[in-house]
Amino acid sequence: MAFTFFFRDQQVLERAVEYSLPSLAGRNHPRIWDAGVAMGQEPFTVSILFAERMGHFAFNNLRIEATDVENTGQFRLAIEAAVYPQEELSRLPQGILEKYFEEDGRPGYLRVIDKVRRRVTFQCHDLLSFKEIGHGYSLIVCKNVLLHFQPGERIEVLKMFHRALAPGGFLATEQTQEMPPQLAHLFERVIPDGHLFRKVESGDGAA
Ligand SMILES: C[S@@+](CC[C@H](N)C(=O)[O-])C[C@H]1O[C@@H](n2cnc3c(N)ncnc32)[C@H](O)[C@@H]1O
């Protein structure tokens, strides 16, 4: 269930970063929510993709809030340490390894550099509580998680994401999940070849 790797679904994540960048510009502390992050490879990938596109000052204001239902502390420790086996990093895009990872002192392991690591915080959160962790997110990433839920649960989680997003904010989900037709008025698809959606205001003030 916790299978993941760096730069998984790279194309959708790159488009998500590209589309949400303009809306980050005017915000003091732009917020990103990455839900269901396992050992942290995905939020660090998102952090790297933003680092590639943002100036130093703007990037240092970015907050990537990583959450997972796992509550043994295992994921929190992994994300705080940000240390990964080198063999896991062998297929990163050209130049990324040298730029964003450093020696950890242990042979065979590399650590995400502080600049990228500091942007990511972890908290335990159950998506099936249907309670958002905050509001005003410019981007929510939730990939390879929704497929584990029942159709009715999926709808409630997507409504929660709608409430949590800033006006015009973006949602990136896994390729295998279609947007349920009853939520078509809440999200518009922005790219034909990936599951990236923009929040549409519901009109009645409620999702
Ligand atoms: C396959 S991993 C996906 C990791 C990453 N998002 C990716 O796409 O590579 C699924 C993650 O969803 C988490 N998860 C499952 N049910 C959840 C729930 N109810 N609330 C939050 N996270 C959940 C699991 O603990 C696991 O870490």
(request) Only residues in region 7-25 that are on the phi > 0 side of the Ramachandran plot and in contact (Cβ under 8 Å) with a residue 60 or more places away in the chain count as the first member; pair them with residues that are assigned to a helix (DSSP H, G or I) and within 16 Å of the ligand (Cβ to nearest atom), Cβ under 8 angstrom, at least 6 apart or cross-chain, and list the lot. (result) 7/13; 7/45
(message) Let me confirm something: among 78, 38, 51, which residue is closer than 22 Å to residue 111 by Cα and in contact (Cβ under 8 Å) with a residue 40 or more places away in the chain?
(response) 51
(request) Answer yes or no: is there a residue in region 75-91 that is within 16 Å of the ligand (Cβ to nearest atom), of a type in the set (A, V, I, L, M), under 13 Å from residue 124 (Cα atoms) and modelled with pLDDT of 95 or more. (result) no
(request) Filter the helices (runs of 4 or more DSSP H) completely within region 1-63 down to those with at least 3 residues that are within 16 Å of the ligand (Cβ to nearest atom). (result) 10-25, 41-53
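The values are calculated or read from the model by the stated rules, or taken from the named source; none is laboratory data. If you're wondering where the values come from, they're calculated on a predicted model, not measured in any experiment. Here the Cβ is made from the backbone with ideal geometry for all residues, glycine too, and neighbour counts use every protein chain on show.
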